[in-house]
Amino acid sequence: MNLAERLSDYALGLRYSDLDAGTVLEAKKRIIDALGCAIGAYGAVPVEAARSYAFRVTSGGGSTLLGTRRKTTPDVATFVNGLMIRYFDFNDTYLSKEPAHPSDNLGATLSVAEAEGRSGKDLILATVLAYEIQCRLCDAADIRHRGWDHVCYGLISSSLAAGKLMGLERRQLTEAVSIALNSHIAMRQVRAGELSMWKGASFSNAARNAVFSAMLAREGMSGPSPIFEGEMGFFKQVSGPFELDVRSFGSAKKGFKLDETYIKYYPAEYHAQTAVWAALALRKKVPDPEEIESVEILTHEAGYTILGKDPEKWRPTTKETADHSLPYMVGVALLEGRLDNASYEESKMHSKSVLNFLDRISVKEDKELTSLYPKKGMGNRVTVRTRSGKTFTEEVIVPRGHPLNPLKRGEVESKFKSLVGTHMTPWRARRLLTTIWGLDSVKSVSELLPHLEVAGH
């Protein structure tokens with residue numbers, strides 16, 4: 001039995017009754033977190049561009065574009081809704097051999113669940129399934145150092161989750177994986193150098209293609225097989241060979257990977273979360289940035305290669321580059337004593353005072369911090385040297401929102417309310433939260449979507 005078939009068997013065999021109460025609660029937290037990110041990003045330029053296209057692809061049944069009452073096809077809705085979830089780079093994360101943002105799968109599970117008339121329980125189950133598949137693949141093989149984007153794994157997780165919601169049988173699920181994976185491999189260039197709008201769209205495009213592949217498989221389309229083990233398959237062309245014991249995946253007797261994912265406290269790429277915490281602690285010790293002569297950031301290998309290696313990180317010209325720049329995020333935190341979505345405004349990125357301050361910052365890999373990554377944390381050590389000769393250092397290994405330091409229910413709600421505040425009244429935000437906390441009692445996902453409408457749209 002090949003790997004695509006084993007993964008399909010796992011997807012078919014997973015039942016809602018296999019999920020314990022803790023996993024269901026954590027799934028609801030991540031759905032709340034993702035939807036908050038999505039509504040908060042409603043007016044972002046790339047979101048508006050994607051939505052403008054989607055408005056021309058109408059569908060009577062279909063799937064709702066988040067924030068509106070307009071519907072389009074499930075695959076197009078997956079792209080727009082997934083882009084909304086991802087745009088702020090504020091949605092959840094999983095770090096292993098390969099990094100990931102597992103809630104990116106929600107663009108697919110939400111859109112397909114609505115189109116298929118599925119319940120809240122079905123949405124939760126498909127979401128847990130998608131997280132499990134993607135995170136297990138991230139544990140199995142590093143593809144970023146081979147030049148491929150982590151969203152390649154999303155082709156597999158989203159096609160299986162979408163296929164399960166569609167009620168596909170084993171052969172169809174396997175074909176969906178084969179079609180998606182053969183045809184839509186994404187290059188890592190999307191996260192190198194100066195970053196473009198496509199950084200936030202790369203996974204939503206993978207999920208769109210995954211949903212489209214599942215739709216084709218349902219109609220009888222076959223795909224190249226074996227897609228992993230074949231002569232020109234995924235193992236040979238992309239990942240290299242790896243072992244994946246599907247029997248060890250989450251079940252009624254084993255924990256699920258969703259419980260191990262991280263919710264972000266700050267709108268920053270996750271490898272920078274501890275650096276931001278350290279910088280804000282230093283800001284209290286050195287409240288006047290003019291007193292700072294130099295800043296040294298010691299980070300782990302992933303933090304350096306993703307956030308601190310490229311010269312563009314010291315002169316970001318796009319929001320996408322800035323929220324993937326260790327010097328920029330630490331610099332703004334030290335200058336202003338905060339880091340939020342407003343920190344990435346264009347005027348701030350072009351500010352002479354900010355750019356001059358970035359010239360005082362250096363980033364280096366620290367082998368000790370690398371040795372802790374990722375199981376024991378993703379540490380950063382920030383040292384500030386003042387003009388008077390004093391030195392202050394802060395090191396943070398595990399940030400707030402990590403499974404070892406998780407966000408409480410009230411903190412998840414506070415983050416959600418802050419994100420949707422410009423588009424929803426407090427009363428509507430509370431009503432939406434109540435609906436999601438009770439998602440396992442919702443008979444149809446379509447009942448959830450009117451609560452997400454942005455006023456006037």
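Assorted remarks:
- For the range 96-121, the set of residues classified as surrounded by fewer than 22 Cβ atoms within 10 Å (Cβ to Cβ) and either of a type in the set (A, V, I, L, M, F, W, C) or over 24 Å from F242 (Cβ atoms) (or both) consists of E116, G117, S119, K121, listed by residue number.
- In the range 387-400, the residues that are touching a residue at least 60 places away in the same chain (Cβ under 8 Å) reach residues that are among the small types (G, A, S) and not in a loop (DSSP other than H, G, I, E, B) with C-beta atoms within less than 6 angstrom, at least six apart or across chains, in these pairs: E394/A278; E394/A281; V396/A278.
- If the condition is being surrounded by fewer than 24 Cβ atoms within 10 Å (Cβ to Cβ) and either hydroxyl-bearing (S, T, Y) or not assigned by TED's automatic domain parsing to the domain that holds V47 (or both), then the range 73-93 contributes T73, T93.
- Qualifying residue in the range 254-266 (condition: surrounded by fewer than 16 Cβ atoms within 10 Å (Cβ to Cβ), assigned by TED's automatic domain parsing to the domain that holds M84 and free of Cβ contacts under 8 Å to residues at least 40 places away in the same chain): yes
- Scan of the range 133-156 for residues that are out of contact with any strand residue (DSSP E or B) (no Cβ under 9 Å at 6 or more places or on another chain), closer than 18 Å to E260 by Cβ and surrounded by 24 or more Cβ atoms within 10 Å (Cβ to Cβ), ordered by number: I133
- Selection of the range 375-392 for residues being in a loop (DSSP other than H, G, I, E, B) and surrounded by fewer than 19 Cβ atoms within 10 Å (Cβ to Cβ) yields K375, K376, R387, S388, G389, K390.
For every residue, the table says whether it meets (1) within 30 Å of L339 (Cβ to Cβ); (2) crowded, with 24+ Cβ neighbours inside 10 Å.
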site: R6; (1), (2): no, no
site: L14; (1), (2): no, no
site: K28; (1), (2): yes, no
site: S63; (1), (2): no, yes
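- Verdict on A162 being within 20 Å of the chain's Cα centre (by Cα), closer than 20 Å to D139 by Cβ, modelled with pLDDT of 95 or more and not in a loop (DSSP other than H, G, I, E, B): no
- Some residue of the range 289-298 being buried (at least 16 other Cβ atoms within 10 Å of the Cβ), closer than 30 Å to R387 by Cα and under 21 Å from the mean Cα position of the chain (by Cα): no
- Residue list for the range 50-100, filter: small (G, A, S), outside any strand (DSSP E or B) and out of contact with any helix residue (DSSP H, G or I) (no Cβ under 8 Å at 6 or more places or on another chain): S52
- Condition check for E395: crowded, with 16+ Cβ neighbours inside 10 Å and either touching a Gly at 6+ places or on another chain (Cβ under 9 Å) or part of a strand (DSSP E or B) (or both): yes
- Test result for E320, of a type in the set (D, E) and either surrounded by fewer than 17 Cβ atoms within 10 Å (Cβ to Cβ) or assigned by TED's automatic domain parsing to the domain that holds C138 (or both): no
- For the range 38-49, the tally of residues that are surrounded by fewer than 19 Cβ atoms within 10 Å (Cβ to Cβ) and outside any loop (DSSP other than H, G, I, E, B) stands at 3.
- Residue within the range 211-228 that is in a helix (DSSP H, G or I) and either among the hydroxyl-bearing types (S, T, Y) or closer than 30 Å to F416 by Cα (or both) present: yes
- For K443: the one exception among (1) in a helix (DSSP H, G or I); (2) modelled with pLDDT of 95 or more: (1)
- Residue list for the range 347-393, filter: closer than 24 Å to Y262 by Cα and either out of contact with any helix residue (DSSP H, G or I) (no Cβ under 6 Å at 6 or more places or on another chain) or outside the structural domain of P289 (by TED's automatic domain parsing) (or both): D366, K367, E368, L369, S371, L372, Y373, P374, K375, K376, G377, R381
The values are calculated or read from the model by the stated rules, or taken from the named source; none is laboratory data. These figures come from a predicted structure and were not determined experimentally. Note that each Cβ is placed from the backbone with ideal geometry, even for glycine, and that neighbours are counted across all protein chains shown.
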